[in-house]
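All remarks here apply to the structure that follows.
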Amino acid sequence: MMSLGPLRGRIAVARGYVGRTATLAGTAGLTAGALTADTFPFVVTITGAGTATVWGLIWSATLPKGRIRDAATALYLVAPVSAAALLVTERLVHGLHWWELALDAAWAVAVWKVRPARMARVLAGRERSLTPEAVQQVQEQQAAALVPAGSTHPMSIWWAQRVAVEGGVAPGTVLTDVERTGEKGMSGLIRAAVPGAPVPTISITALSALRDWDEEEIRVEKVAGRGAGVRRLTVGTADQAVDPYTHWIKNIAPKGMPGTVITGVRIIDTDTKELH
């Protein structure tokens, strides 16, 4: 889960805690309603659900009319209304039944995980910390924090912005010691951003798709003498030193003088005034 702490105000944080507390209280009320026929748990829980419903209606009235308002209102009210429906059902059914507890558990898990009230605020544009702009800002902050100090190599910056972010191919890592090994080759060291943590398993397929590299030319290997917190990334193959004859045939002749070959190489002293 992405951390949005720096972008969330105190009211938003407090609202989140209130929502969590209400979910726990609703779960306790539903469970008590299933296990006992006492009136007190029923009255308290139904009052809480009614209060949440009224608050949701008041909140929705502040939104501009339209489909977004209708959808946001439905999301905001689904938790209290469904809780009230479950509670009334438990009240009408005599005795304890396994499906009552199962429905209560399903309600608690769904509300805790989905958080429909927050989804409603996001849909209506009322949750600033979860707008697309805010999420992008957090990703940029995370990327800047992961760029190694003093590293300005484009690949290190790209790695921090696209690969090492939360949900990326290799979250919590940095790319250092980037070297170009050939016209289409490079190497570098992948390090865990947190000392003592291992470099996560990196999907070659995902990295290939992200950078449009050939999968066959990407290798993530152990570094001799180092622990799991360091891995070597190699892309492509390093250029190999070749003799002038092979260099001419592979690189020069095809581009400028097709079909030609070198028949001999003469080494001359460029300090002499006359060349023979």
Condition check for ALA12: among the small types (Gly, Ala, Ser) and surrounded by 13 or more Cβ atoms within 10 Å (Cβ to Cβ): yes
Within segment 15-51, work out how many residues are touching a residue at least 24 places away in the same chain (Cβ under 8 Å), farther than 18 Å from ALA105 by Cα and surrounded by 15 or more Cβ atoms within 10 Å (Cβ to Cβ). 2
Selection over segment 75-122 where residues are loosely packed, with under 15 Cβ neighbours inside 10 Å and among the hydrophobic types (A, V, I, L, M, F, W, C) yields a count of 13
From the list GLU221, GLU215, which residue is loosely packed, with under 13 Cβ neighbours inside 10 Å, more than 21 Å from the chain's Cα centre (by Cα) and more than 19 Å from GLY172 (Cα to Cα)? GLU215
Residues (hydroxyl-bearing (Ser, Thr, Tyr) and part of a helix (DSSP H, G or I)) located in segment 21-71: THR21, THR23, THR27, THR31, THR39, THR45, THR47, THR51, THR53, SER60
Any residue that is closer than 30 Å to ASP38 by Cβ, at pLDDT 90 or above and outside the structural domain of THR173 (by TED's automatic domain parsing) - is there at least one of those in segment 57-65? yes
Restricting attention to segment 179-206, report how many residues are of a type in the set (A, V, I, L, M, F, W, C), under 12 Å from THR234 (Cα atoms) and modelled with pLDDT of 85 or more. 3
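The values are calculated or read from the model by the stated rules, or taken from the named source; none is laboratory data. Bear in mind the structure is a predicted one, so any value in this text is a computation, not a measurement. Every residue, glycine as well, gets a Cβ built from its backbone with ideal geometry; the counts of neighbours run over all protein chains shown.
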